[in-house]
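Okay, structure first, notes after.
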Amino acid sequence: MIRKHIFPILCTIWAIVLWTGCDESAQVDNPYDNQISENADGVVGIDDKSIDPTTIQGLHKLIFKPTCANSGCHDGLFEPDFRTIESSYNSLVNQPIIKNDEVDPLPARVVPGDHARSMIIRRLETDLNNNSGIMPLSVDPGSDWSTRKAEYIGYLKAWIDAGAKDLNGNSRQALDYPPRLEGMLVASGSTVYPRSGRFSPVQVPKSAGTVDVWFAYSDLESGPEAFSGLQFNHSIHYMEFDSLNWMPMQYVGTPKNAVGLNQVDVPHYFRFSLNLNSYQSGDVIWLRTRISDGTNKVELPNGNSLFNHRQYCTIRLL
Ligand code: HEM
């Protein structure tokens, strides 16, 4: 009996709900009706707060997002990734460089506390190796880069020199970067043997017998007197160095100053004597050295060094 009436009862209830629910007269405010036009494209209630331009979030708003993360550029396609504040920070600070400066290699894209050693500044101010262009490689319409470039680079330098703080204001410790090769020369007493070109071998007559070879390095954190594990090796095969042939190299308190790898005068504090008698005229002798700054044990040059740096550390016997 009851089952027969259930369906009409349900229909009645449904009709009542519909009728009362669709009350055309009930007024609901449309939040967008009160929207102020100049903020029409913003989220309601969020006004365009000014952010300190020397913070990572200020740099992202003013530079990275509008001028670097363009489609086909640093939009996740390759590093640095400027899409978000976090991706910008994590792909910049203490991050290794893909394409370094051949003349004056830098340690990282951003070195907290040191804008001069930070690649991002160099890429914004110089055409790297004269074959890379200056960033941004192109400027999208709507970017104010060309009118505010100097001001923006100033903000970036200020952020880096203040420790390259993250979104929460924390600084990341600058890494203890490894020492870098700065120079190599060969001498007999006061005679310093010449090179035929900037990265060419040092030309030494076989009759020189035993010569002094001097090396120069630089390190952001430690002085030369603090280096340890000083060794050298030599070979006529540019990739084969007998592991039993590593011999001690000395630190000399009074350096030999001469033009180095980057064509500036550098102090050469490290020396070893090399007996050339076991080599023939025409031989090219490849040199390797090992040093440690207490944190980083490095071989300079090594198998991954730029080829012109490896060739720079050679002697051609005349
Ligand atoms: C102000 C905005 C920009 C900044 C701060 C910037 C920064 C950089 C940095 C630091 C590198 C070197 C990465 C490394 O070697 O580890 C780089 C490379 C590169 N950027 Fe940008 N960039 C900007 C805008 C652009 C734009 C708009 C484009 C595309 C039109 C672009 C295209 C490239 C390309 C193709 C490379 C890799 C090739 C090379 O190293 O020359 N960048 N950029």
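Worth a mention:
- Within segment 200-233, considering residues that are under 26 Å from ARG316 (Cα atoms) and not in a strand (DSSP E or B), the one most open to solvent (accessible area, probe 1.4 Å): SER207
- Test result for ASP101, within 13 Å of the ligand (Cβ to nearest atom) and either assigned by TED's automatic domain parsing to the domain that holds ARG288 or surrounded by fewer than 16 Cβ atoms within 10 Å (Cβ to Cβ) (or both): no
- Test set (1) touching a residue at least 12 places away in the same chain (Cβ under 8 Å); (2) open to solvent by 40 Å² or more (accessible area, probe 1.4 Å); (3) on the phi < 0 side of the Ramachandran plot - ASN170 fails condition number: (1)
- Within the set SER87, SER143, the sole residue that is away from the ligand (no atom under 12 Å from the Cβ) and either open to solvent by less than 20 Å² (accessible area, probe 1.4 Å) or hydroxyl-bearing (Ser, Thr, Tyr) (or both) turns out to be SER87.
The values are calculated or read from the model by the stated rules, or taken from the named source; none is laboratory data. All values reported here derive from a predicted model rather than from experimental measurement. Backbone-built Cβ (ideal geometry, glycine too); neighbour counts: all protein chains shown. Keep in mind that these areas ignore ligands, DNA and RNA; they rest on the heavy atoms of the full protein, side chains included. Shrake-Rupley method; radii C 1.70, N 1.55, O 1.52, S 1.80 Å.
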